[in-house]
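K.L.:
The following block contains the structure, expressed as structure tokens.
The values are calculated or read from the model by the stated rules, or taken from the named source; none is laboratory data. This structure is a prediction, so every number in the text was calculated from the model and none was measured. Don't worry about glycine lacking a Cβ; one is built from the backbone with ideal geometry, like all the others, and counts go over all protein chains shown. Side chains are part of the model used for accessible areas, which takes the heavy atoms of the whole protein and leaves out ligands, DNA and RNA. Shrake-Rupley method; radii C 1.70, N 1.55, O 1.52, S 1.80 Å.
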Amino acid sequence: MTVRIELGESSYDVVLEPGCLSHAEELLDLDRKVLVVTDAGVPEEYAETVAAQCKNAVVVTVPEGEGSKSFPVLEKLLVKMLEEGFTRRDCVVAVGGGVVGDLSGLAAALYMRGIDFYNIPTTLLSQADSSIGGKTAIDLAGIKNSVGVFRQPKKVLIDPETLKTLPARQIAAGYAEIVKAGLIADAALFSLFEAGDVDPVEALYRALLVKKSVVEQDERESGLRRILNFGHTVGHGIESVTGLYHGECVALGMIPTCAPAVRERLIPVLARLGLPTSVKADPDKVYAALLHDKKAADGKITVVRVNEPGSFELIPLSPEELRDYVGMVVKS
Ligand code: GLY
């Protein structure tokens, strides 16, 4: 199935189809020079499958992990394209998770003032969320995503077959973003998780529809798109201090930012998915990291709160309230 993201001249299709990786050449224009970017944690066969379908592929494998969202690695991609004689007619294809997508999307946006970019996300987390919506970025001075641009891909290919090689812990982390989509905008999606009856393709499709609707209304995050950050305020603080995955931190961050009745329903859903519902860490350190990440307006930080599945509210929290939120899931 195909979900069209309608953004005027920047509109594009997201193709969700088991096996689509193996016929990418029919779906993408690969009849040119193609920088295929992947990372060392992604099974090599995925980038090789894409490269084999390109007229002239140059494969670059960056180190696995957030550390690759950096100026040196970005520069490496740009220099590689220069050395290989890439022109404005050539393109970049990301094959991997959110790190690869964010980094190579930015490289494509910068090279020769912007060349085509295709995203082939291979983790559930990036398939459900980060590959859609045109956010590209690297990190700077320890601040995540502090250097980047909004630039939509030309197309996104989501092949759920890639989930077969994804470790269970990463699958669970991806489901956290899908539970998030259900809680903020699709009560029926959340109910599927409560019933314990989740087909990954259906869950992905419903999460994509949520993302489509939000991005189409607010591409540049001047308002509504902030709801996609549900669970991320406390989550980012936890992520900075612990070694947990992004999705695991989002799972933890959603717990305090729900009404008590929703929280009671959410905790068993997360536990059944194999996600953490509390974490051992220093709450003061998490709180300090969270403040480092967020700008307070009038001493308050606005967070997304879910009072009923499928709906949201933006609420300003005082530092004391936020500190209490951290304490609900971070135990020393
Ligand atoms: N991952 C949140 C967003 O795309 O806005």
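K.L.:
With the structure loaded, tell me whether LYS144 is modelled with pLDDT under 95 and among the charged types (D, E, K, R) or whether it fails that test. Can you show your working first?
P.N.:
On the way: modelled with pLDDT under 95: yes; among the charged types (D, E, K, R): yes.
When the stated conditions are applied, LYS144 passes them.
Rundown of residues vs (1) more than 18 Å from LEU28 (Cβ to Cβ); (2) open to solvent by 10 Å² or more (accessible area, probe 1.4 Å), yes/no style:
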site: GLY98; (1), (2): yes, yes
site: ALA108; (1), (2): no, no
site: PHE117; (1), (2): no, yes
site: GLY133; (1), (2): yes, no
site: LYS144; (1), (2): yes, yes
site: LYS180; (1), (2): yes, no
site: ALA185; (1), (2): yes, yes
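K.L.:
Sticking with this structure for a sec: Of all residues in the stretch 187-204, count the ones that are closer than 23 Å to CYS20 by Cβ, out of contact with any Lys or Arg (no Cβ under 6 Å at 6 or more places or on another chain) and open to solvent by less than 10 Å² (accessible area, probe 1.4 Å).
P.N.:
As a first pass, look at the stretch 187-204 and keep what is closer than 23 Å to CYS20 by Cβ: 189, 198-204.
Then drop every residue that is not out of contact with any Lys or Arg (no Cβ under 6 Å at 6 or more places or on another chain), which leaves 198-204.
Among the residues that remain, those that are also open to solvent by less than 10 Å² (accessible area, probe 1.4 Å) are: 203-204.
The total comes to 2.
K.L.:
Can you report the number of residues in the stretch 58-72 which are touching a strand residue (DSSP E or B) at 6+ places or on another chain (Cβ under 6 Å) and closer than 15 Å to GLY148 by Cα?
P.N.:
Within the stretch 58-72, the subset touching a strand residue (DSSP E or B) at 6+ places or on another chain (Cβ under 6 Å) is 58-62, 64, 68-70.
Then keep just the ones that are closer than 15 Å to GLY148 by Cα; that gives 68-70.
Result for the stretch 58-72: 3.
K.L.:
Something else now. Do we find that PHE71 is over 24 Å from the mean Cα position of the chain (by Cα) and either more than 29 Å from LEU209 (Cα to Cα) or among the aromatic types (Phe, Trp, Tyr) (or both) in this structure?
P.N.:
Values: over 24 Å from the mean Cα position of the chain (by Cα): no; either more than 29 Å from LEU209 (Cα to Cα) or among the aromatic types (Phe, Trp, Tyr) (or both): yes.
In short, no.
K.L.:
Now, a different point. If the requirement is being within 13 Å of the ligand (Cβ to nearest atom), of a type in the set (Asp, Glu) and not in a loop (DSSP other than H, G, I, E, B), which of these qualifies: GLU219, GLU202, GLU177?
P.N.:
Numbers: GLU219 fails: not in a loop (DSSP other than H, G, I, E, B); GLU202 fails: within 13 Å of the ligand (Cβ to nearest atom).
Checking each option against the conditions leaves just GLU177.
K.L.:
Does GLY253 satisfy the condition of being under 16 Å from the mean Cα position of the chain (by Cα), within 16 Å of the ligand (Cβ to nearest atom) and closer than 16 Å to SER311 by Cβ? Working first, answer last.
P.N.:
Numbers: under 16 Å from the mean Cα position of the chain (by Cα): yes; within 16 Å of the ligand (Cβ to nearest atom): yes; closer than 16 Å to SER311 by Cβ: no.
No: the conditions fail for GLY253.
K.L.:
Out of the residues in the stretch 222-245 that are within 11 Å of the ligand (Cβ to nearest atom) and of a type in the set (D, E, K, R), state the one that is farthest from ASP324 (Cα to Cα).
P.N.:
Selected residue: ARG225.
K.L.:
Determine, yes or no, whether LEU275 is outside any helix (DSSP H, G or I), of a type in the set (A, V, I, L, M) and modelled with pLDDT of 95 or more. So that I can check it myself, show each step before the final result.
P.N.:
Numbers: outside any helix (DSSP H, G or I): yes; of a type in the set (A, V, I, L, M): yes; modelled with pLDDT of 95 or more: yes.
Considered against the rule, which asks whether it is outside any helix (DSSP H, G or I), of a type in the set (A, V, I, L, M) and modelled with pLDDT of 95 or more, LEU275 comes out as yes.
K.L.:
For residues that are near the ligand (Cβ under 10 Å from one of its atoms) and surrounded by 23 or more Cβ atoms within 10 Å (Cβ to Cβ), tally how many sit in the stretch 205-214. Quick ask: steps written out before the conclusion?
P.N.:
Here is the first cut: in the stretch 205-214, the residues near the ligand (Cβ under 10 Å from one of its atoms) are 211, 214.
So of that shortlist, the ones also surrounded by 23 or more Cβ atoms within 10 Å (Cβ to Cβ) come out as 211.
Counting residues in the stretch 205-214 that are near the ligand (Cβ under 10 Å from one of its atoms) and surrounded by 23 or more Cβ atoms within 10 Å (Cβ to Cβ) gives 1.
K.L.:
Hey, could you check the stretch 238-266 for residues that are open to solvent by 10 Å² or more (accessible area, probe 1.4 Å) and outside any helix (DSSP H, G or I) and say which is nearest to VAL330 (Cα to Cα)?
P.N.:
So the residue we want is THR242.
K.L.:
From the list LEU74, LEU124, which one is under 27 Å from GLY182 (Cβ atoms), in contact with a helix residue (DSSP H, G or I) (Cβ under 7 Å, 6 or more places away or on another chain), of a type outside the set (Gly, Ala, Ser) and open to solvent by less than 40 Å² (accessible area, probe 1.4 Å)?
P.N.:
Working: LEU74 fails: under 27 Å from GLY182 (Cβ atoms).
From the options LEU74, LEU124, the qualifying one is LEU124.
K.L.:
Moving on. For the stretch 182-198, check the following and say yes or no: at least one residue is modelled with pLDDT of 95 or more, within 29 Å of GLY327 (Cα to Cα) and part of a loop (DSSP other than H, G, I, E, B).
P.N.:
Within the stretch 182-198 (the criterion being modelled with pLDDT of 95 or more, within 29 Å of GLY327 (Cα to Cα) and part of a loop (DSSP other than H, G, I, E, B)), the answer is yes, since at least one residue qualifies.
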